[in-house]
Amino acid sequence: MAKRNRQFFIAVVDDDAGMRAATRDLLKSNGFRTQGFSSAEQFLRSRHGREAACLVLDLRLPGMSGLELQRELCAGDLAIPTIVATAEDEGDGQVYTQLLQAGAMAVLHKPFDAEQLLRLVQTAVEARRPP
């Protein structure tokens with residue numbers, strides 16, 4: 001499966017350098033091409049959006065939040081399957097609901113289970129796999 005995954009680029013947007021590196025390492029060890037970004041703005045400037053088969057996105061970022069980035073991508077007709085990760089306890093679930101309404105495919109609480117993230121990423125890339 002790792003060789004098949006090589007064709008897919010996964011973007012990781014997280015301001016925590018350690019979390020960003022750990023997530024990228026996990027994805028790379030499973031055959032995905034990946035790059036990390038420390039902010040939503042850095043990701044948008046990179047122009048990697050059209051290439052990304054999946055986006056692993058932190059909710060709380062400096063500047064533009066993960067929710068704001070998700071909304072901007074969808075408003076610009078760039079619906080990248082997005083998995084949002086957060087260390088925040090969102091209590092009433094309102095932000096989770098907003099994320100899902102904005103097009104996120106899943107919300108994971110940090111620290112998340114590596115296997116769960118990989119299953120979600122695999123689901124995202126399978127949906128984008130050419131026929």
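The values are calculated or read from the model by the stated rules, or taken from the named source; none is laboratory data. Since this is a predicted model, take the numbers as computed values, not measurements. Please note: Cβ atoms are built from the backbone with ideal geometry, for glycine as well, and neighbour counts cover all protein chains shown.
For this structure, a couple of remarks:
- Only one of ALA40, ALA85, ALA124 that is in contact (Cβ under 8 Å) with a residue 40 or more places away in the chain, touching a helix residue (DSSP H, G or I) at 6+ places or on another chain (Cβ under 9 Å), on the phi < 0 side of the Ramachandran plot and small (Gly, Ala, Ser): ALA85
- Within this structure, ASP25 fails the test of being under 23 Å from PHE112 (Cα atoms), acidic (Asp, Glu) and buried (at least 17 other Cβ atoms within 10 Å of the Cβ).
- Among residues of segment 3-22 being within 15 Å of VAL125 (Cα to Cα) and among the basic types (Lys, Arg), the one that is surrounded by the fewest Cβ atoms within 10 Å (Cβ to Cβ) is LYS3.
- Checked against the criterion of being buried (at least 20 other Cβ atoms within 10 Å of the Cβ), touching a Leu at 6+ places or on another chain (Cβ under 8 Å) and not hydrophobic (A, V, I, L, M, F, W, C), segment 88-110 has no qualifying residue.
- Restricting attention to segment 1-32 and to residues that are in a loop (DSSP other than H, G, I, E, B) and more than 24 Å from PRO62 (Cα to Cα), the residue that is modelled with the lowest pLDDT turns out to be MET1.
- Taken together, the residues in segment 1-29 that are more than 28 Å from SER65 (Cα to Cα) and not small (Gly, Ala, Ser) amount to 6.
- Restricting segment 49-62 to residues that are in a loop (DSSP other than H, G, I, E, B) and crowded, with 18+ Cβ neighbours inside 10 Å, the residue that is nearest to the chain's Cα centre (by Cα): LEU59
Condition check ((1) more than 21 Å from VAL95 (Cα to Cα); (2) among the acidic types (Asp, Glu)) across all residues:
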residue: VAL13; (1), (2): no, no
residue: ALA17; (1), (2): yes, no
residue: ARG24; (1), (2): yes, no
residue: LYS28; (1), (2): yes, no
residue: PHE32; (1), (2): yes, no
residue: GLN35; (1), (2): yes, no
residue: ALA40; (1), (2): no, no
residue: GLU51; (1), (2): yes, yes
residue: VAL56; (1), (2): no, no
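- Tally, over segment 68-87, of residues that are more than 13 Å from the chain's Cα centre (by Cα) and surrounded by 13 or more Cβ atoms within 10 Å (Cβ to Cβ): 6
- Among the candidates SER46, SER29, residue that is touching a Phe, Trp or Tyr at 6+ places or on another chain (Cβ under 7 Å) and either without any contact (Cβ under 8 Å) to a residue 24 or more places away in the chain or polar (S, T, N, Q) (or both): SER46
- GLU68 vs. criteria at pLDDT 90 or above, in a helix (DSSP H, G or I), farther than 18 Å from LEU27 by Cα and among the acidic types (Asp, Glu): yes
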